[in-house]
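Only one structure is covered here, and it is reproduced in the block below.
The values are calculated or read from the model by the stated rules, or taken from the named source; none is laboratory data. Everything numeric in this text was worked out from a predicted model, so none of it was measured. What goes into the accessible areas is simple: the full protein's heavy atoms, side chains included, and nothing from ligands, DNA or RNA. Shrake-Rupley method; radii C 1.70, N 1.55, O 1.52, S 1.80 Å.
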Amino acid sequence: MNGPLRKGKDKSNNLLSGSQQKYKNKSRNPFKGPYKEEAFAISLAILIALLVLLVTHVSTGSTEQIQQVNQSVNQTAEIPTKIYSAGGISLQYPSSWNITTDEINETNTQIVIQDPTSANNPQSTQITAFTIFKVQNDGSETLEQRKDSFIQSFTNSGANIALTNTSNITVSGINATEAVYTGNDPKYNKIQLKVIYFEQNGIFYILGFFTKGIDLQSQDPYFNIILNSFKIQ
């Protein structure tokens, strides 16, 4: 899903604009307005976020498994990257991807980066995207509640997703929780969402890795570029 890199910021129809207001006013949903299929498709395109390459299915033989792992590492190393550094965070991301949202204020940060094809076509049947919310802990909600609000923004827009797995991981040396959700959008396209969330120095961090019409795990070479390079400044 290579395509021309779109320059500039906030060039997609961004339904996440309400997210910043949500963090200022907890009673408001990140997705404002009644649900429409068209709006949902755009929200999926914005939320998240990586289709340039599909990982080969793991073979049953140990030798073939080793070969596949080596191939995946080599493919990841060959992906050109850019650096994002602002709002107290830094990370690398595939250079062909577009930053479609970049909003920073004193207490909150919201970034969305997605593959160029879906960034240029919100109606695309295949989407890969990444988003991060950095939110000051003001005591009104727990980290788990913040994460649930993020998930609710999908279900309120018509998605039918369910939790399939949780695990404990570390991000830049910080203990975090990983939760994976799988389901369908209103048009029965398969959607998958991996959410990684943690608190550090009184700030909530919620990282979302999203795919539609593409296997989530197949995009790990791209997602891992972002996750492994993520740092708090």
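Skipping prolines and chain starts, which residues have an amide H placed within reach, meaning under 5 Å, of the one on I89, given they are 5 or more residues away or on another chain?
The list, which skips near neighbours in sequence, is Q233.
Averaged per residue, what accessible surface does segment 115-229 expose to a 1.4 Å probe, in Å²?
On the way: 4470 Å² over 115 residues.
With the other protein chains kept in place, segment 115-229 gives 39 Å² per residue.
Averaged over every viewing direction, what's the projected area of the C-alpha convex hull for segment 120-171? Give it in nm², one decimal, please.
Numbers: hull surface 23.1 nm².
Averaged projected hull area, Cα only: 5.8 nm².
Please compute the contact order of segment 104-174 in relative form: average sequence separation of alpha-carbon pairs under 8 Å and at least six residues apart, divided by the residue count, as a percent. Mind showing how you got there, number by number?
Working: 40 pairs, mean separation 18.1, N = 71.
The value is 26 percent.
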